[in-house]
Every structure is written in C-alpha cells, then in structure tokens.
Ligand SMILES: Nc1ncnc2c1ncn2[C@@H]1O[C@H](COP(=O)(O)OP(=O)(O)OP(=O)(O)O)[C@@H](O)[C@H]1O
Ligand SMILES: [Mg+2]
C-alpha cells in the first residue's frame, strides 16, 4: 500500500496533477482511494464526479446530535456507519471529500475524523 500526498502553494496545479494521477492509476489494476483534503474542494469537479456528503457534513451531524445522544451511545460505531455515507464509490476508485465545515470553529475535528477514517479504510 502506498500513500501519495500532493501539497504546495495555491494555484500551482495540485488538483490538476491529482486528477490526472487518479485517472492514470485508476486505469491500472490498483485499488485506489482518492481524498480531497482541501476545504475549498474542487477535485470532484476535475474528475467529473458528483459528491453527496462530505466529512464536514459528518462533523456537523455529530455536533448537532451529540447533546441528544444517550450517554451510552457508541460514538465510534456511529461514526463508522457514517463513513460509508460520505464515501463516493466510482467503478475504479473511491473518493472521500473533507469539505468545508459550516459555522465557526477550526477544522481540527474534521481533520481528526479524516485521519481516523483513513486508518480504518487503509
Ligand atoms: N501544467 C499546467 N499548465 C497550464 N495550466 C495549468 C497546469 N496545471 C494547472 N493549470 C491550471 O492552473 C490553474 C490552477 O490549477 P489547480 O486548480 O490544479 O491548482 P491548485 O494548486 O489545486 O490550486 P488551489 O491551491 O487553489 O487548490 C487551473 O486553471 C489549471 O487548469
Ligand atoms: Mg486545488
């Protein structure tokens, strides 16, 4: 299993390179998980993929629901069940989008969710 991360200054072609790399690798025999971890997401547009929910949406759901949850709610299991709602399955690869969390607060929780999801899925 290999992880390829693309980072760099704004507007230097990260998304363009990622899109071409995904298309190239998906044409081979490898199993591929593509992740758009840019809050200002546009990888789905480059790939021509329509994405429903994002990890940011998962964060909003957890924030909204946490006060209503019974104390013995298994949050890990709940999150795990949500992972498959935010995974867009394409014929040759899966796509996960971080998205932009609504409202105030930093991206830490969404980033931590992404880390946990990556550990689980990889
Ligand atoms: N090799 C290239 N030659 C010419 N234009 C390019 C090249 N790579 C990317 N571009 C164009 O440059 C612009 C920025 O590219 P892209 O969106 O991939 O950058 P980015 O690093 O993902 O930007 P951001 O930091 O905003 O996410 C786009 O209009 C893209 O089509
Ligand atoms: Mg980009």
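The values are calculated or read from the model by the stated rules, or taken from the named source; none is laboratory data. Predicted, not measured: the structure shown is a model, and the values here were computed from it. Every residue, glycine as well, gets a Cβ built from its backbone with ideal geometry; the counts of neighbours run over all protein chains shown.
Side notes on the structure shown:
- Some residue of segment 22-44 being more than 16 Å from ligand 2 (Cβ to nearest atom), under 20 Å from residue 122 (Cα atoms) and assigned to a strand (DSSP E or B): yes
- Test result for residue 90, under 15 Å from the mean Cα position of the chain (by Cα) and more than 16 Å from ligand 1 (Cβ to nearest atom): yes
- Against the numbered list (1) more than 26 Å from residue 2 (Cα to Cα); (2) more than 16 Å from ligand 2 (Cβ to nearest atom); (3) touching a residue at least 12 places away in the same chain (Cβ under 8 Å), residue 74 comes up short only at (3).
- Here is the figure for segment 101-115: residues that are under 30 Å from residue 28 (Cβ atoms) and either exposed (fewer than 10 other Cβ atoms within 10 Å of the Cβ) or free of Cβ contacts under 8 Å to residues at least 12 places away in the same chain (or both) total 1.
- Per-region count, segment 77-92, residues closer than 28 Å to residue 15 by Cβ and in a helix (DSSP H, G or I): 6
- Residues of segment 40-54 classified as touching a residue at least 12 places away in the same chain (Cβ under 8 Å) and within 10 Å of ligand 1 (Cβ to nearest atom), total: 5
- For the residues 98, 87, the requirement of being in contact (Cβ under 8 Å) with a residue 60 or more places away in the chain and under 27 Å from residue 25 (Cβ atoms) singles out 98.
- Output for segment 18-38, where each listed residue is near ligand 1 (Cβ under 10 Å from one of its atoms) and surrounded by 14 or more Cβ atoms within 10 Å (Cβ to Cβ): 18, 19, 36, 38
- Any hit, segment 87-99, residues being under 27 Å from residue 48 (Cα atoms), touching a strand residue (DSSP E or B) at 6+ places or on another chain (Cβ under 9 Å) and exposed (fewer than 11 other Cβ atoms within 10 Å of the Cβ): yes
- Pairs where the first residue, in segment 1-27, is closer than 16 Å to residue 44 by Cβ and the second is assigned to a helix (DSSP H, G or I) and more than 9 Å from ligand 1 (Cβ to nearest atom), C-beta under 8 Å, 6+ apart: 6/21; 19/47; 22/47; 23/47
- Among the residues of segment 58-76, those identified as in a helix (DSSP H, G or I), at pLDDT below 85 and more than 19 Å from residue 96 (Cα to Cα) are 63, 75.
- Subset of segment 12-21 that is near ligand 2 (Cβ under 9 Å from one of its atoms) and assigned to a helix (DSSP H, G or I) - its residue that is farthest from residue 119 (Cα to Cα): 16
- Candidates 68, 9 - the one that is away from ligand 1 (no atom under 16 Å from the Cβ) and farther than 21 Å from residue 118 by Cα: 68
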